Amino acid sequence: MSAAIEAGPLLAAVLAVFVLIAATVVWRGGLGSGRAVLVAAVRAVVQLAAVSLVITAILRSGWWTAGFVLFMFAVASFTAYRRVEAPGGWPWFAAAIAAGVLPVLALVLATGVVPGKPIVVVPIAGIVIGGAMTATAQAGRRALDELKTRHGEYEAALALGFMPRAAALEICRPSAGHALIPGLDQTRTVGLVTLPGAYVGMLLGGASPVQAGVAQLLVLIGLLAAQSIAVLATVEFVAFGRISW
């Protein structure tokens, strides 16, 4: 039997049920806008359909692959910026994500741990960029929320002789560091609670469990490194006032 998930009416029906459940729970439970769930699901369908149509052509060329990775990076930077809603902060979110992503990708490609083939580079880059985007957005919001809520403590620190950067870091750094918790928990529990996407994807693609485990380990540890650097950079940009409300 094939391990592939077949596209068809049954799959479409199951996905529609999932979307309706999520939208209804969010709406009726007062957790947010059910419409946001519907829009996110529709966007996912359209975007993945578009990517599926063009990915074959992209993967035939190293230049097209590099351009696609840059496109993913640009979208991730803009998404983090929009999530935090920091006026004029887009370049700094881009810099924070790049600070985490570039060392990880450069190391795995330069050492040959990850083959420099487009079919391998694109998914690895996408996972690392996406993880850095999420951590950056969470760290930015947490840091700015903390500074806003505890502004009195920030001013008190300034009155005691702290420089603005040091005073801001004392207030926002611990809270922003919580953005790393999801990545840490995923890494701690991999294989015990979760079987992440890279592992499952390689198994479905015919790789052995050992090969899938090695690939997933590389992704998880690399992602943790990228997120750590991205969060630190975000906190520093907030402390210097480059990212602010």
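The values are calculated or read from the model by the stated rules, or taken from the named source; none is laboratory data. As the structure is a computational prediction, the values presented were derived from the model and not from experiment. Reconstructed Cβ throughout: ideal geometry from the backbone, glycine too, with neighbour counts over all protein chains shown. Note: accessible area is taken over every heavy atom of the protein model, side chains too, but ligands, DNA and RNA are not part of it. Shrake-Rupley method; radii C 1.70, N 1.55, O 1.52, S 1.80 Å.
Of THR136, THR79, which has the most accessible area and how do the rest follow, probe 1.4 Å?
In descending accessible area the options line up as THR79, THR136.
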What net charge is computed for the residues neighbouring ALA98, neighbours being all others with C-beta under 15 Å from the C-beta of ALA98, Lys and Arg scored +1, Asp and Glu -1?
0
When every protein chain stays in place and a 1.4 Å probe is rolled, LYS117, LYS148 sorted by accessible area with the largest first are LYS148, LYS117
Going by average Cβ density within 10 Å per residue, which order do the peptides 24-32, 211-219 take, highest to lowest?
211-219, 24-32
So, relative contact order of the chain in percent, Cα under 8 Å, 6 or more apart, is 24 percent
With Cβ to Cβ distances under 14 Å as the rule, what net charge do the other residues near SER175 carry (K, R +1; D, E -1)?
+1
Rounded to the nearest 10 Å², what accessible area does VAL19 have for a 1.4 Å probe in the complete protein model?
40 Å²
Looking at the chain, which longest stretch skips every one of the GluC sites (Glu not before Pro) that is in a DSSP loop with at most 16 other Cβ atoms within 10 Å, leaving the sites themselves out?
86-245
Helix runs (DSSP H) in the chain reaching 27 Å along axis by Cα, Kyte-Doolittle at least 1.6
9-28, 34-58, 90-110, 209-239
